[in-house]
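Engineer: There's a structure below that I have some questions on.
The values are calculated or read from the model by the stated rules, or taken from the named source; none is laboratory data. All values derive from a computational prediction rather than experimental measurement. All Cβ positions, even for glycine, are placed from backbone atoms using ideal geometry, and neighbour counts span all protein chains on display. Note: areas computed on protein heavy atoms with side chains; ligands, DNA, RNA excluded. Shrake-Rupley method; radii C 1.70, N 1.55, O 1.52, S 1.80 Å.
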Amino acid sequence: MTITRRNLLATGLSLPLASALLAMPGVAAAQDAKPKSKLIVGTQDAGFPHIAEASGAYRDAPYEVEWAVLPGPAAQFPALYSKSVDIGWLGDTSLILEQAKSTTPWTPDTAPLRIVAGWRNFDPQFRQLVTVVRNSADVKSLADLRGKKWAFNYGGINHLQYVLSLVKAGLQESDIEPVQLGDGFQAAAAFNAGRTDVYSGDFVRVKDLVDKGEARILLNGDDLGIPGLTVYATRQDVLQDPERKKQLADFLERGRKLWAWYDANLPVVAKIYVDKVKYTPEKAEAQAGRNKSQFVPIDAKLLKEEQNIADVLFERGFIKNKVDVNAGFSGDYNVFTIGGAAAQ
């Protein structure tokens, strides 16, 4: 029980004696204790809040972390803009597509959203982004994609995998039957059910079909020059509030510790996906391995790769406005996310 001034005075003690008791070590005045502020973080991975809890990375944070599971950028963007979440979970090219839709140019000071950290898995056995074809579709070369039904979802790196696969094949959307769905889970479900011939997106969601020999990988993200980062993005009001900036820095530093714990506890992570997300043990193991990641610096190399993607999208007519990617990225937090040392 917390002892308050009101409790003590109710016992008949004088005000000076009650004040003296409250000043003693271990006796706290509840009315003076401030509730923890809350940092609401969007995630597209239903298992991630449980993983974060198991890691203990945020357990003693001076603020409360609340996770909101929102599959796909189509759900993350409204949550960010409405301030339902403070940090959104997106793909590294999501803001290129968002910026291209804006009626006013973005700058680092005026962009409504900015990416503050990104991470990816560098293990070549765990492909993240893929374009997969069903064997029954009889696709022997990229040219054979013409006329095929192709599942994808709009607004993130899955969408970019789809667009750049079209570019690689020398095709326009009018050359195929595009099947745009609400998020990557729906796109994968359509492909797995045989309703489309082609799918672009996260490999794990179609891995079972590939393992059975009913589909094969035609292209992966590395083939297309996609950095393939998962990122955290936040609003300008968060970046311009000193207290919120401090929380963001702490959150990202704790995130670095989370990834270190994750790497050392893959069986625990896989069990979380089985118990909490109801994956099969095989899919849970694949998901755990695929999500093993490390932070990547937001530096000149990354920005050059992102700018090249933005330029290709503009030149091929997939976005209507030319984009300066610097407006949508901030390297201010590299010091907190790259092993505690500033990225060069």
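Engineer: Based on what the data block shows, is Gln287 within 17 Å of Phe126 (Cα to Cα), open to solvent by less than 40 Å² (accessible area, probe 1.4 Å) and of a type outside the set (Lys, Arg)?
Structural biologist: yes
Engineer: Name the pairs whose Cβ atoms lie under 6 Å apart, with the first residue in the stretch 124-153 and closer than 20 Å to Thr230 by Cα, the second assigned to a strand (DSSP E or B) and open to solvent by less than 40 Å² (accessible area, probe 1.4 Å), and 6 or more positions between them or separate chains?
Structural biologist: Arg127/Asn220; Val130/Asn220; Thr131/Ser200; Thr131/Leu218; Thr131/Leu219; Phe152/Ser200
Engineer: If you check Pro35 against the conditions, is it in a loop (DSSP other than H, G, I, E, B), modelled with pLDDT of 85 or more and either polar (S, T, N, Q) or open to solvent by 40 Å² or more (accessible area, probe 1.4 Å) (or both)? Give the derivation first.
Structural biologist: Values: in a loop (DSSP other than H, G, I, E, B): yes; modelled with pLDDT of 85 or more: no; either polar (S, T, N, Q) or open to solvent by 40 Å² or more (accessible area, probe 1.4 Å) (or both): yes.
The answer is no for Pro35.
Engineer: Right, something else. For the condition among the polar types (S, T, N, Q), more than 18 Å from the chain's Cα centre (by Cα) and surrounded by 13 or more Cβ atoms within 10 Å (Cβ to Cβ), what is the one hit in Asn308, Asn321?
Structural biologist: On the way: Asn308 fails: surrounded by 13 or more Cβ atoms within 10 Å (Cβ to Cβ).
Going through Asn308, Asn321 in turn, just one is among the polar types (S, T, N, Q), more than 18 Å from the chain's Cα centre (by Cα) and surrounded by 13 or more Cβ atoms within 10 Å (Cβ to Cβ): Asn321.
Engineer: Of the residues in the stretch 275-286, how many are modelled with pLDDT of 90 or more, in a helix (DSSP H, G or I) and within 21 Å of the chain's Cα centre (by Cα)?
Structural biologist: 4
Engineer: Counting just the residues of the stretch 76-90 that are of a type in the set (A, V, I, L, M) and within 12 Å of the chain's Cα centre (by Cα), which one comes out nearest to Phe185 (Cα to Cα)?
Structural biologist: Selected residue: Leu90.
Engineer: Considering only the stretch 290-299, I want to know if a residue exists there that is charged (D, E, K, R), under 20 Å from the mean Cα position of the chain (by Cα), assigned to a helix (DSSP H, G or I) and closer than 21 Å to Val206 by Cα.
Structural biologist: Scanning the stretch 290-299, I find at least one residue that is charged (D, E, K, R), under 20 Å from the mean Cα position of the chain (by Cα), assigned to a helix (DSSP H, G or I) and closer than 21 Å to Val206 by Cα, so the answer is yes.
Engineer: Can you name every residue in the stretch 147-157 that is open to solvent by less than 20 Å² (accessible area, probe 1.4 Å) and either among the aliphatic types (A, V, I, L, M) or modelled with pLDDT under 95 (or both)?
Structural biologist: Result: Ala151, Asn153, Gly155, Gly156, Ile157.
Engineer: Another one. Specify which of the listed residues (Leu166, Leu219, Leu160) is in a strand (DSSP E or B) and of a type in the set (A, V, I, L, M, F, W, C).
Structural biologist: Among Leu166, Leu219, Leu160, only Leu219 is in a strand (DSSP E or B) and of a type in the set (A, V, I, L, M, F, W, C).
Engineer: For the stretch 132-147, what are the residues that are over 11 Å from Asp197 (Cβ atoms) and touching a strand residue (DSSP E or B) at 6+ places or on another chain (Cβ under 8 Å)?
Structural biologist: Result: Leu142, single match.
Engineer: Output the residues belonging to the stretch 191-206 that are surrounded by fewer than 18 Cβ atoms within 10 Å (Cβ to Cβ) and either free of Cβ contacts under 8 Å to residues at least 60 places away in the same chain or assigned to a strand (DSSP E or B) (or both).
Structural biologist: As a first pass, look at the stretch 191-206 and keep what is surrounded by fewer than 18 Cβ atoms within 10 Å (Cβ to Cβ): 193-195.
Within the stretch 191-206, Ala193, Arg195 meet the criteria.
Engineer: Against the condition within 17 Å of Tyr58 (Cβ to Cβ) and hydroxyl-bearing (Ser, Thr, Tyr), how does Thr234 come out, does it pass?
Structural biologist: yes
Engineer: Mind counting the residues in the stretch 222-246 that are open to solvent by 10 Å² or more (accessible area, probe 1.4 Å), in a helix (DSSP H, G or I) and farther than 16 Å from Val130 by Cα?
Structural biologist: Residues that pass the stated criteria total 8.
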